[in-house]
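Take a look at the structure set out below.
Nothing in this text is a laboratory measurement; each read-out follows from the coordinates by a stated rule. Since we're looking at a predicted model, the values are computed, not measured. Please note: Cβ atoms are built from the backbone with ideal geometry, for glycine as well, and neighbour counts cover all protein chains shown.
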Amino acid sequence: MADAEKDTATATADSTPKKHKLPDGWITPVAARHRLVEEGLAKSTMNSAQIYILSRNAEKNGMPVKHFDAAGNQYDAIQIVDGETTTRPGFQWDSLREWWTNRPKREAKAKTADDKKPTEDAASSSDSDLEDEAAAGEGDEDFVEAE
């Protein structure tokens, strides 16, 4: 009877769906998190879920991520079939490290640009584009006014 229990346990373990592997040279968000922490680029309290969240917003934040299905096909975006995600995000370490180390600079740059007031003689077309956008009420999709 002990052998039958072992066979059942093995069959159950084998039938459990496993995530497919990424192609050689690509790492998962969990592995990326570990490498970032090991190299001192992220705090040890960072959760790998943060990497997954950033990868889902790659179109907006420029994160260098690709998505792979079980057959090894590469996609620029997450693939969803019948409501189920069929791909896994993957990174090439050098590209991710470069993006990660430059990421704080991009955020800080954006904040300081918003804080600066344009001078009258140095008004650029980008400033007037922002004014036009504000006047038209565009870009407010994410803005929710407090009641």
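Things worth noting here:
- Summed residue charge, Cβ within 14 Å of Trp93's Cβ, Lys/Arg positive, Asp/Glu negative: -1
- Alpha-carbon Rg with Dmax, taken over segment 24-103, Å: 12.6, 40
- Projected label points at Thr101 and Val30, each 7 Å from Cα along the beta carbon direction, are separated by 2.7 nanometres.
- Entries in Lys19/Lys60; Lys21/Lys66; Lys18/Lys60 that, when Cα-Cα distance is taken, lie over 22 Å: Lys19/Lys60; Lys18/Lys60
- Averaged over residues, the count of other Cβ atoms within 10 Å places the peptides 73-84, 43-54, 20-31, 58-69 in the sequence 58-69, 20-31, 43-54, 73-84, highest first.
- Shown is the FRET efficiency for Glu38 and Ala70, computed with R0 = 25 Å from the Cβ-Cβ distance and rounded to the nearest 0.05: 0.30.
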